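Written below as structure tokens is the structure these notes are about.
Values in this text are rule-based calculations from the coordinates and carry no lab data. Predicted model, so just to flag it, every value in this text is computed and none were measured. Cβ atoms come from the backbone with ideal geometry, glycine included; neighbour counts cover every protein chain shown.
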Amino acid sequence: MDWLNYHHLLYFWTVARAGSVADACTRLNLAQPTISAQIRTLEQSLGVTLFDRSRRRMELTEAGRIVYRYADDIFTLGRELLDTVQGRPTGRPLRFHVGIADVVPKLIAYRLLTPALAADRGVQVVCVEGKPDQLLAQLSIHELDVVLSDAPIGAAVSIRGFNHLLGECAVAVFAAPALARRVRRNFPQAADDLPWLLPTAGTVLRRALDHWFDTRGVQPRIAGEFEDSALAKVFGQEGLGLFAAPAVIAREVCAQYRVREVGRIAAIREQFYAISMERKVRHPGVLAVTETARLDLFATDT
């Protein structure tokens, strides 16, 4: 059985945290050649390169980031062990790394994640926002515990992950008060040839809206296209167009952006997923998200 040399791992972990061998030397009270040699020995034993040495600072490679995360857990647990046996409180929450696809409305993410921050759960949430494919790549190398998305992993994606459906809801349409008065009484016919603020092409919601426009004979005047749904809401707040958002957050959208709901599109169902590397969810943070979705956010068919 192969054994890990924890002294070598400690030197690597310290250099990664410090950002340079020189700073790590000060912290460890060791000479630079000693630390450099021990890190190279660790690399040889693991069979990977941990640092990109072509740059001025010691930057972690992809393998280095994986090893660093494990090392961080190992040495943090070691400190907790000492604190526990010596009767001192540990005081360290469990870190919950969440990837949020940029198409997921911020208010949905907020509603799903808030319970994970409850004091009794002892969880510290670390949020990373980005494109779904980028987040799934990070998930595959265990930099993230879960990815929140509006779509499951597609067949074209080579990552072996598991889709957990959190829930679904209808889509509501909103506008600033003056524009809403023109539309509200005769929606959706009155929305024809009015300015719309739409998601960018290729997104799940945009494809659904385009299909709905075609089937209902609505010809939108596209005033803007947005990757960030929160930015679309800001433009909508200023009366620059109609915009769509999940019906489960209609009350929050109206209150935060001072807009009015003009109608709902029951034919469009927005779905939201938690994507993990586990078939059976165990992480308390992910459990909090799925529990919130089931018992609160999507508890009623909206």
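Brief remarks follow.
- Cross-link reach is defined here as a Cα-Cα straight distance under 17 Å, omitting same-chain residues fewer than 8 places apart; for residue 280 none of the lysines meet it.
- Considering only 147, 98, 126, the mean-square fluctuation computed in a Gaussian network model of the chain, springs between alpha carbons under 10 angstrom, is largest for 126.
- By average C-beta atoms within 10 angstrom, highest first, the peptides 277-283, 262-268: 262-268, 277-283
- Each Lys and Arg Cβ is given +1 and each Asp and Glu Cβ -1; about its Cα centre, region 238-302 then shows a dipole of about 140 debye.
- Packing-based order for 228-238, 99-109, using average beta carbon neighbours within 10 Å, highest first: 99-109, 228-238
- With contributions of -39500 (n - 2.57) from each DSSP H run of at least four residues, the per-residue ellipticity at 222 nm computed over the chain stands at -12500 deg cm²/dmol.
- Alpha-carbon Debye profile of the chain, log10 I(q)/I(0) at 0.11, 0.12, 0.13, 0.17 Å⁻¹: -0.79, -0.88, -0.96, -1.33
- Highest to lowest packing among 7-13, 214-220, 171-177, 204-210, scored as the average C-beta count within 10 Å: 171-177, 7-13, 204-210, 214-220
- Global form of region 168-271, assessed from the alpha-carbon gyration tensor, a/c cut-off 1.5: rounded
- Relative contact order, whole percent, for region 126-242 stands at 26, derived from Cα pairs under 8 Å and 6 or more residues apart.
- Spread of Cα-to-Cα distances over 10 Å intervals beginning at zero, given as percent, for region 6-85: 19, 52, 25, 4, 0
- Counting every C-alpha pair in region 244-293, the share spaced more than 15 angstrom apart comes to 60%.
- Cα-based reach from residue 233 at 16 Å (exclusive), listing lysines while leaving out same-chain residues under 8 positions away: 106
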